[in-house]
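Read the structure below first, then the notes.
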Amino acid sequence: MATEFLEAQIAELKDKGLYNTIRVLESAVDAQVTIGGKHYLNFTSNNYLGLANHPRLKAAAKHAIDLYGIGPAAVRTIAGTTQLHEVLEHKLAQFKRVEATLTLQGGFLANLATIPALVGDSDVIFSDELNHASIIDGCRLSKASVVRYAHNDPADLREKIRAATYQRGLIISDGVFSMDGDIARLPELVEVAREFHLMLMVDDAHGEGVLGEGGRGIVDHFGLHGQVDVEIGTMSKAFGVVGGVVAGKQRVIDWLKQRARPLLFSSAMTIPDVAACSEAVTLLEESDELVKRLWQNADYLKEHLHDAGFDLGTTQTPIVPVIVGEAQTAQAFSRALFEDGIFVMPIFYPTVPHGKARLRIMNSAVHQQEHLDRALERIIAIGKQLNVVA
Ligand SMILES: *Cc1c(COP(=O)(O)O)cnc(C)c1O
């Protein structure tokens, strides 16, 4: 068998403690989850607002199935699209205060759809060195040359732009960097884009539903409406469902409908997903209560972990990295917490650099005070046992 070499590769990963095992959940994703018949406090999901198991989203999905069925049954450009998809895109445009949006099956695909539609082989992309894998892959597919600039460093970006020759150029950055929780310096990126007449795109997957007024995202957070060419978003995180979104000027969306390959050659989001996402937008339009609770919970956790002496890196958002150093330490930390009923994933190379392994504690609006306190107590106790803190 020609795949034998994979056994050696897998064995090597296991030896180095870099082998990842996927846990199986026997419950809905919520503040608590069931794994192997036991209950765990869940600090791993991107379910920021607790919408993944929200009664209103579930009801909307069920109702839509009765009216429209389940699947789109072909790509939109060939078989047409449901009213539901159009309504969602319209609501998202209003929510995000942009001219138009386009939904795709996920945020990953939104990047693969958008980047190659904007730039090609005589163009250049200036990409933050810590950008998400889906941006990196979207850049590769575009055939444009890619220049990486130092993380969140507009001065380095300027230098790299001055040194480059190109026809058209595109600056791309994550909005919130998912492993560190820091926020892109978007106002400065806007200035640079304007100065050099470059397109600017931000992938706000971890800012959607988290940053800005009522979760409207990073552009709203900085008050930069109309000054960022393309916003990529996901409905797979704070929105609690699955799906990707591209937001921007009408002409950008019109062009994507002609050229975006994941739109032209892959079927649309399913009916229940679209209906649930639509209800999520309605919920966020009605109230910012969940967004506020998310931030309160995150601030509480960060304050106490910081006081206990943990290295939380550069986070500015509800993503809380607890940096421990070696992959083995992060794994031992996670295992010990799991034995105590707390589910927190260790993150290590290649997701973060060697020596920067961490626990990544994901907060949500639906964690109760007692959940936070129980997690804090165990994290601090185990952190001491493992000599992560004194
Ligand atoms: C999670 C994430 C994605 C992928 O989103 P999906 O909807 O899960 O496909 C894309 N970009 C960034 C920056 C992300 O963090």
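The values are calculated or read from the model by the stated rules, or taken from the named source; none is laboratory data. As the structure is a prediction and not an experimental result, all values here were calculated from the model. So basically every Cβ, Gly included, is an ideal-geometry build from the backbone, and we count neighbours across all protein chains shown. The accessibility values were calculated without ligands, DNA or RNA, using every heavy atom of the protein model including side chains. Shrake-Rupley method; radii C 1.70, N 1.55, O 1.52, S 1.80 Å.
Structure data summary
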| read-out | value |
| --- | --- |
| Percentage, to the nearest whole number, of Cα pairs in the range 55-286 over 31 Å apart | 19 |
| Relative contact order (%) - criterion: Cα under 8 Å, at least six apart; region: the range 285-362 | 28 |
| For the range 347-390, convex hull of alpha carbons as volume per residue, Å³ | 77 |
| Stokes-Einstein diffusion coefficient of the range 2-87, Kirkwood radius over Cα pairs, 37 °C, 0.692 mPa s, in µm²/s | 188 |
| In Hz, Karplus ³J(HN,Hα) per residue of the range 292-297 (6.51, -1.76, 1.60; θ = phi - 60°; x = Gly, Pro) | 5, 4, 4, 5, 4, 4 |
| Label-to-label distance, nm, for residues given as E4 and T34 (7 Å Cα→Cβ offset) | 4.5 |
| Long-range amide H partners of L200 with built H, under 5 Å | I171, D229, V230 |
| The chain - mean residue ellipticity at 222 nm from DSSP helices (-39,500 (n - 2.57) per run, n ≥ 4, rounded to 500) | -13000 deg cm²/dmol |
| Stretchable slack from Q369 to E159, in nm (0.36 nm times residue separation minus alpha-carbon distance) | 70.9 nm |
| Y68 accessible area, assembled protein chains, probe 1.4 Å, Å² | 90 |
| Cut-off 17 Å (backbone N to label point 7 Å along Cα→Cβ of Q167), residues of the range 94-125 | 115-125 |
| Contact order relative to length of the chain, as percent, for alpha carbon pairs under 8 angstrom and 6 or more apart | 22 |
| Whole-Å semi-axes of the chain's equivalent ellipsoid (Cα gyration tensor) | 33, 27, 22 |
| Straight-distance crosslink candidates among lysines, where the alpha carbon sits under 25 Å from K62 and sequence neighbours closer than 8 are dropped | K91, K237 |
| Directionally averaged projected area (convex hull, Cα atoms, the range 161-213), nm² | 4.5 |
| Amide H within-cut-off set for Q32, under 5 Å, with H built and near neighbours excluded | N42 |
| Theoretical gain in end-to-end length, L67 to R140 [0.36 nm per residue, Cα-Cα removed] | 22.2 nm |
| Segment T77-K14, length gained on full extension (0.36 nm per residue, minus Cα span) | 18.2 nm |
| Cα gyration tensor shape for the range 120-178, rounded if a/c is under 1.5, else prolate or oblate | oblate |
| Per principal axis, descending, Cα span of the range 245-378 in whole Å | 52, 37, 27 |
| Calculated from backbone phi, Karplus (6.51, -1.76, 1.60) coupling profile of the range 31-44 in Hz, x at Gly/Pro | 4, 10, 10, 10, 9, x, x, 10, 8, 10, 6, 9, 10, 10 |
| At most 16 other Cβ within 10 Å, DSSP loop - chymotrypsin sites (Phe, Trp or Tyr not before Pro), the range 198-269 | F265 |
| Near-label residues of the range 339-359 by backbone N, under 19 Å of a point 7 Å along Cα→Cβ of A150 | 353 |
| Rg/Rg_globular for the range 66-120, with Rg_globular taken as 2.2 N^0.38 Å and Rg from C-alpha atoms | 1.29 |
| Accessible-area composition of the chain, carbon plus sulfur, in percent [1.4 Å probe] | 52 |
| Cα gyration tensor category, rounded, prolate or oblate, for the range 174-264 with a/c compared to 1.5 | oblate |
| Between the range 92-157 and the range 199-252, the Cα center-to-center distance that results, in Å | 13 |
| 1.4 Å probe accessible area per residue over the chain, in Å² | 45 |
